[in-house]
Amino acid sequence: PRLRLVAVLRSLRIENLVLIRDAELAPAAGLNAITGETGAGKTILAQAIGLLLGTKGDTAAVGPGAAEAYVEAEFEVPDGFLDDEELSALAELAPAGEDDGSLVLARRVFSDGRTRAYAWGRAVAREDLAAATERLLAMSGQFEQRRLARPAYQLDVLDTFCGEEQGSRRR
């Protein structure tokens, strides 16, 4: 059987985060690499993803003149994704009757540094948001080349991409 690549991250929306007033990114299916000149916004993009991964928000994240910064990601999730016990709090918030295979996660940073996390527009714990995002999104920066060069790490990435059947074989 042929492996079908699925666009896991359908879109990433950023509002008033540091110097980005309003931006939307729609990655292609599979691996995406973000490159650019110094000052192009790569670090701010990484900061947006970091917020979804549960990093602490602070006042410096909010753009000039804005009351808050907002980051929202829409993910395409595999069947049974929310069945994991650690994601049960998110599963309870899933919109009834709308099983289109998507999960919308967001984080808001207020000008005083407080943050709020959301799933489908409803408040969730930051830890629950981070747990779901960690299962859906992998991000590597230029300083992680040592980890990426390790055969054991490469095998873990490939096995994760191949799914549970491969994980069973490996175990």
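A few notes on this one:
- Test set (1) modelled with pLDDT of 75 or more; (2) open to solvent by 50 Å² or more (accessible area, probe 1.4 Å); (3) closer than 30 Å to Ser88 by Cβ; (4) not small (Gly, Ala, Ser) - Gln154 fails condition number: (3)
- Subset of segment 95-134 [over 17 Å from Thr55 (Cβ atoms) and among the basic types (Lys, Arg)]: Arg122
- Residue within segment 53-63 that is at pLDDT 95 or above and within 30 Å of Glu164 (Cα to Cα) present: no
- Entry remark, segment 101-114: residues being open to solvent by 60 Å² or more (accessible area, probe 1.4 Å) and either closer than 21 Å to Glu134 by Cα or of a type in the set (Lys, Arg) (or both) number 1 in total.
- Flag for Glu144 being charged (D, E, K, R) and at pLDDT 75 or above: no
- Per-region count, segment 69-89, residues within 17 Å of Leu137 (Cα to Cα) and open to solvent by less than 30 Å² (accessible area, probe 1.4 Å): 6
- Beta carbons closer than 9 Å, at least 6 apart along the sequence or on distinct chains, pair a first residue in segment 132-159 that is over 22 Å from Glu76 (Cβ atoms) with a second that is at pLDDT below 75 and part of a helix (DSSP H, G or I) for Tyr153/Arg147; Gln154/Leu148; Leu155/Arg170.
- Some residue of segment 50-68 being assigned to a helix (DSSP H, G or I), in contact (Cβ under 8 Å) with a residue 12 or more places away in the chain, of a type in the set (Gly, Ala, Ser) and surrounded by fewer than 16 Cβ atoms within 10 Å (Cβ to Cβ): yes
The values are calculated or read from the model by the stated rules, or taken from the named source; none is laboratory data. Not measured: the values here are computed from a predicted model. All Cβ positions, glycine included, derive from the backbone under ideal geometry; neighbour counts span all protein chains shown. What goes into the accessible areas is simple: the full protein's heavy atoms, side chains included, and nothing from ligands, DNA or RNA. Shrake-Rupley method; radii C 1.70, N 1.55, O 1.52, S 1.80 Å.
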